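**Student:** Take a look at this one; I'll ask things after.
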Amino acid sequence: MRSIPAIDVPIENIKKHFFELGRIGNLGPTPEDGFLRSSWSDEESAAMEFIRLEGESKGLLAFYDGIGNLYSTTPTEGGKVIQVGSHLDTVPKGGQYDGGAGIVAGLEAILALREYWSSMNCDLQLVVWRGEESATFGSVCKGSRAAFGLNDPNILTKKFQGQTLEDAIARQGFDPSYIRGRKPTLSQQQIDSITAHFELHIEQASQLQTDRKRIGIITSIRGAARYRVIIIGEAAHSGGTPMGSAFRRDANLAIAYMQVELDCLAKLRLEQGDDLVQTVGVVNIDPDFNMLD
């Protein structure tokens, strides 16, 4: 294949895609209101269908797998596949570009190479994974893991807004039995054909901005471990009970000390050369509270 010069993508193409995606699942008239396109929701499906139609109108061949991931591929027969993609579901009050930036950039990059499709020795494929976020149904990377048969079947019982993940998948017309049976939605031939996967993503911190760098190349990502800790205290009259542990069993105060100690331990590990972060995400006094429902 001959070398390909740098190609400028018209900014109007980018604006058009984000304008249309910005109409799906937005929670209010201002950016601060955010979006909610939860996993296997009508909104996530509508956003994915918009991308499917955009690609097909420019010559890409698209299909959904059994769990609902979307694949849009160049009409070539290279045998090998280079994937680019991301996701379109959001956390509650999520932003426009988390996931969306990777989808729009991937679509436009593939379309910008259209005149070279026939001379490439591989296929280009845009993939939109379903259910990337853990904020809905309490499990990350649900669609991408389903493609390779890697999900824990127990995630099907997890709920969001009163609906189980199993019901949500079925209501969008897809088959939760792939997850229940740990069966990959892609054939072994399709899996073996994937030679590379790229994802452009917004930075979800401020390190690049602080370091005045325009782009960062990610070579690894931190794993996640989540724990629910229950602290049991003792109710007492706030005005009449003397201060001190001899009289008070204050659960909130214990939590505060624990949070400070966790911060100290994390700093110690960082000084020792470890790469980790930690935070306390939710403090709630309702014994029946489940942040994953």
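**Student:** All other residues with a Cβ under 9 Å from the Cβ of LEU165 taken together, and with Lys, Arg as +1 and Asp, Glu as -1, what is their net charge?
**Tutor:** That works out to +1.
**Student:** Between LYS93 and ASN121, take the C-beta separation as r, use R0 = 41 Å, and let me know the FRET efficiency to the nearest 0.05.
**Tutor:** That gives a FRET efficiency of 0.40.
**Student:** Which of the peptides 59-67, 36-44 is most tightly packed, and how do the rest follow, going by the mean number of other Cβ atoms within 10 Å of each residue?
**Tutor:** 36-44, 59-67
**Student:** Identify, among PHE35, ALA62, ILE7, the residue whose Cα sits farthest towards the positive end of the charge dipole of the stretch 1-119, taking +1 on the Cβ of Lys and Arg and -1 on the Cβ of Asp and Glu, with the dipole about the Cα centre.
**Tutor:** Farthest along the dipole direction, towards plus: ILE7.
**Student:** So, one more: What's the ranking of 194-206, 233-245, 168-180 by average number of surrounding C-beta atoms within 10 Å, highest first?
**Tutor:** Ranking the peptides 194-206, 233-245, 168-180 by packing returns 168-180, 194-206, 233-245.
**Student:** State, as an integer percentage, the relative contact order of the stretch 120-251 based on alpha-carbon contacts under 8 Å between residues 6 or more apart.
**Tutor:** For the stretch 120-251, the relative contact order is 14 percent.
**Student:** Moving on to the next point. Once both axes come from the Cα atoms, what is the angle between helix 251-271 and the longest principal axis of the chain, in degrees from 0 to 90, rounded to 10?
**Tutor:** The answer is roughly 50 degrees.
**Student:** Specify which residue in the list TYR97, PRO176, SER238 is farthest towards the positive end of the charge dipole of the stretch 96-242, using unit charges on the beta carbon of Lys, Arg (+1) and Asp, Glu (-1), about the Cα centre.
**Tutor:** SER238
**Student:** Specify the residue with the greatest mean-square fluctuation among GLY85, GLY143, GLY281, computed from a Gaussian network of the chain linking alpha-carbon atoms under 10 Å apart.
**Tutor:** GLY281
**Student:** Let me ask something else about it. In degrees between 0 and 90, to the nearest 10, how far off the longest principal axis of the chain does helix 11-21 point, with axes built from Cα atoms?
**Tutor:** Taking Cα atoms only, the helix is inclined about 50 degrees.
**Student:** Keeping to pairs on different chains or 8 or more places apart, tell me how many lysine pairs in the chain have Cα atoms under 26 Å apart.
**Tutor:** Going through the chain pair by pair, I get 17.
**Student:** Using the Kirkwood radius built from alpha carbon pairs, what does the Stokes-Einstein equation give as D for the stretch 33-74 at 25 °C and 0.890 mPa s, in µm² per second?
**Tutor:** 222
**Student:** What ranking do 149-161, 213-225 get when scored by the average of other Cβ atoms within 10 Å per residue, highest first?
**Tutor:** Those peptides, ordered most packed to least, come out 149-161, 213-225.
**Student:** Something else about it: Would you please calculate the Kirkwood hydrodynamic radius of the stretch 193-237 over all C-alpha pairs and express it in Å, rounded to one decimal?
**Tutor:** Evaluated on the stretch 193-237, it is 15.6 Å.
**Student:** While we're looking at this one, here's another question. Using a 1.4 Å probe on the protein heavy atoms, what percent of the accessible area of the chain belongs to carbon and sulfur?
**Tutor:** 53
**Student:** Additional query: Roughly how tilted is helix 100-112, in degrees to the nearest 10 and between 0 and 90, from the longest Cα axis of the chain?
**Tutor:** With rounding to tens, the tilt is 10 degrees.
**Student:** Looking at the calculated P(r) for the stretch 56-199, what percent of the C-alpha pair distances fall above 25 Å?
**Tutor:** Pairs farther apart than 25 Å: 30 percent.
**Student:** Dipole of the chain (Lys/Arg Cβ +1, Asp/Glu Cβ -1, origin at the Cα centre): which of ILE82, THR164, VAL283 lies farthest to the positive side?
**Tutor:** The residue sitting farthest along the positive end of the dipole is ILE82.
**Student:** Compute the whole-percent fraction of alpha carbon pairs in the chain spaced more than 28 Å apart.
**Tutor:** 50
**Student:** When only C-alpha pairs under 8 Å and at least 6 residues apart count, what is the relative contact order of the chain, in percent?
**Tutor:** The normalised contact order for the chain reaches 17 percent.
**Student:** A follow-up question, please. Please calculate how many Å² of accessible area the stretch 213-266 carries per residue, with a 1.4 Å probe and no DNA, RNA or ligand atoms counted.
**Tutor:** The answer is 95 Å² per residue.
**Student:** In debye to the nearest 20, how big a dipole does the chain give about its Cα centre with +1 on each Lys and Arg Cβ and -1 on each Asp and Glu Cβ?
**Tutor:** 340
**Student:** What distance in nm lies between label points placed 7 Å from Cα along the C-beta direction at THR76 and THR279?
**Tutor:** The answer from the label model is 4.1 nm.
**Student:** Right, something else. Would you list the P(r) distribution for the stretch 123-222, with all Cα-Cα distances sorted into 5 Å bins from 0 and each bin expressed as a whole %?
**Tutor:** 2, 10, 18, 20, 14, 15, 11, 6, 3, 0
**Student:** Moving on to the next point. With the other protein chains left in place, how much accessible area per residue, in square angstrom, belongs to the stretch 1-92 at a 1.4 angstrom probe?
**Tutor:** On a per-residue basis, the stretch 1-92 sits at 49 Å².
**Student:** State, in angstrom, two size descriptors of the stretch 1-68 derived from its alpha carbons: Rg to one decimal place and Dmax to the nearest whole number.
**Tutor:** So, for the stretch 1-68, Rg and Dmax equal 15.5, 48 Å respectively.
**Student:** Express in % the proportion of alpha carbon pairs of the stretch 186-293 at distances exceeding 22 Å.
**Tutor:** Of the Cα pairs, 62 percent sit more than 22 Å apart.
**Student:** Using +1 on the beta carbon of Lys and Arg, -1 on that of Asp and Glu, and nothing else charged, what's the dipole of the stretch 111-222 about the Cα centre, debye to 20?
**Tutor:** The calculated dipole for the stretch 111-222 is roughly 260 debye.
**Student:** Under a 5 Å amide H to amide H cut-off, with H placed in plane at 1.01 Å, what residues pair with LYS80 once short-range neighbours are removed?
**Tutor:** Residues meeting the amide H criterion: ASP123.
The values are calculated or read from the model by the stated rules, or taken from the named source; none is laboratory data. Here the structure is a predicted model, which is why all the values come from computation and not from measurement. A quick note on method: Cβ atoms are made from the backbone with ideal geometry, for glycine too, and the neighbour counts reach across all protein chains shown. To get the accessible areas, we keep the full protein, side chains included, count just its heavy atoms, and leave off ligands, DNA and RNA. Shrake-Rupley method; radii C 1.70, N 1.55, O 1.52, S 1.80 Å.
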